1. Looking at region 258-299, which of its residues are modelled with pLDDT of 90 or more and among the polar types (S, T, N, Q)?
2. Given the conditions (1) under 24 Å from E415 (Cα atoms); (2) surrounded by 22 or more Cβ atoms within 10 Å (Cβ to Cβ), which single one is not true for A279?
3. Just a yes or no: is a residue in region 342-365 closer than 21 Å to R304 by Cα, over 26 Å from the mean Cα position of the chain (by Cα), surrounded by 14 or more Cβ atoms within 10 Å (Cβ to Cβ) and aliphatic (A, V, I, L, M)?
4. For E418, are the conditions met, namely being at pLDDT 95 or above, of a type in the set (D, E, K, R) and closer than 30 Å to A198 by Cβ?
5. Give the residues of region 310-350 that are in a helix (DSSP H, G or I) and closer than 22 Å to E250 by Cβ, sorted by residue number.
6. Here is a list: R55, R88. Which entry is closer than 30 Å to V432 by Cβ and not in a loop (DSSP other than H, G, I, E, B)?
7. Within region 436-471, which residues are surrounded by 15 or more Cβ atoms within 10 Å (Cβ to Cβ) and polar (S, T, N, Q)?
8. State yes or no: is G386 assigned by TED's automatic domain parsing to the domain that holds K260 and either under 25 Å from A279 (Cα atoms) or surrounded by 16 or more Cβ atoms within 10 Å (Cβ to Cβ) (or both)?
Amino acid sequence: MDDTTDGMEACSHCLPLKNQVAGFIRRNKVLRRTVGRQRVKIQELEARLAKLEDRLRELEGPARATAANSSLPPSANPIGVPSAVVKRPTGRGIGGQMGHEGHGRTLLPIEQVDEVVAHRPMRCAYCGGRLAAGAEGRVVARHQVMELPERPVVVVEHQAIACGCRHCGKESVGGIPVEVKRSVCGARLSAMMGYLSARMAVSRRQVAEILSCVLGVKLCSGSVCARERELAEALREPYGRIAGEVRGSEVVNIDETGWKGAARWLWVGASKKACVYLAWPDRSGGAIERLLGEQSRVTICSDRFVAYEKYPLERRGLCWAHLRRDFQRCVDRRGASRAIGEEGLEICREVFGQWRRFAAGEMGRVALKRRMGKVAAWMGRLLLRGGKCVVEKTAKLCRRLRKRQEALWRFASVEGLEPTNNLAERMLRGAVIWRKKCFGSFSKGGCRFAERMLSVIATLRLRGREVLDYLERAVSAYRLGRPPPVMGR
């Protein structure tokens, strides 16, 4: 090797080694970057796995959603979950108990009976002598039998008659009234068809089948739809009146449920004497403005769904039944969350116990407010402690409740407001069954029929009025071009 030159540069054997080392260094840098990216990806996957494990424990562990700790109905409970209501054996036999108050069917007054069949004795039960056919007697026992005629529908044929004039010899034709020609179904039959759909959750094909098999009326499902459209138009004004009465109420219970088809959600606003339904395309607060008006001063009772946050907190009451389920969910999460949930359930029991005493008349409004004030202070301490819980979902629940604490106790000071949203949920139950059986409404006309029929039926039932009679009078008034009947109070 020449001493005057650099060995590494001059040596022909070292140059390949130098290139090889440089290649190793470059590959090492690439590998380091790859390892760094993979390490970050592994950390992301580990975090995702931890979330999925938490989710799995939430779904399959003790804290999974059930009817006892969430809004799931009992029918949707996971397999193996114990019933939310455990009925303990009482030791009594099944059926009516000795000494209970009877609820037998009462006999109709004699003037409402269509036919009377008198059963007279032919001979004397003591001496055997023949009794006179026209002998006087008295009624000692009555028994009424109800029967369905072979064809209970009355068919009336309207004929246009042409008569010749004896003076000029020309014929004049009588006209069938326009209101008669509107439909082949009378007002009461049309009302019954809508009632079967909206109240009894019967599909249109099944309505047509009932008409054919039971009443002897041959109609297709298209005729049922036509009668529904007529009913929707006949109830336009009554629906507006009901909506106005709900907006004018001091307290309204509000809830919503899914409604398949053209509208995705069915909202309900219920007061003590009126109930209005609204098919709305989404679950936003726009439905609340439509139900109550933009400048509403109504106090509402609802759950804690985000859509209700637009409504002023000082005019809101929160449902304690939902809160009780949330605290039960905290208990089911176990760990540090269990103590928070158990204390929350104890507060719920205290609230419902005091409310029952108030509803029974054992205490007045002033006493209720005083006692709820003490319970509110207890709840405030619990929520403050729960907001620092290491279980994030429990801490999040407590922090959210702290922001809305005043709405939890609104029922104690507002007349007519209850601690639960049970009224609105009961009003939705029939609509939910109808949706499950008939899949909602797939047209705007179907949505209008659902809104108006459900509103009128629910309002009439709240007021103790006959539904079918009112629907019949509404259809008759619509066909004659007259104002619809008044529902009464």
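The values are calculated or read from the model by the stated rules, or taken from the named source; none is laboratory data. The shown structure was predicted, so the numbers you read here are calculated from the model rather than taken from an experiment. All Cβ positions, even for glycine, are placed from backbone atoms using ideal geometry, and neighbour counts span all protein chains on display.
1. S271, T299
2. The single condition A279 does not satisfy is (1).
3. Yes, region 342-365 contains a residue that is closer than 21 Å to R304 by Cα, over 26 Å from the mean Cα position of the chain (by Cα), surrounded by 14 or more Cβ atoms within 10 Å (Cβ to Cβ) and aliphatic (A, V, I, L, M).
4. On the way: at pLDDT 95 or above: yes; of a type in the set (D, E, K, R): yes; closer than 30 Å to A198 by Cβ: yes.
Answer is yes for this residue.
5. First, pick out the residues of region 310-350 that are in a helix (DSSP H, G or I): 310, 313-315, 320-333, 336-350.
Result: K310, L313, E314, R315, W320, A321.
6. Working: R88 fails: not in a loop (DSSP other than H, G, I, E, B).
After applying the criteria, what remains is R55.
7. Passing the criteria: S441, S455, T459.
8. In short, no.
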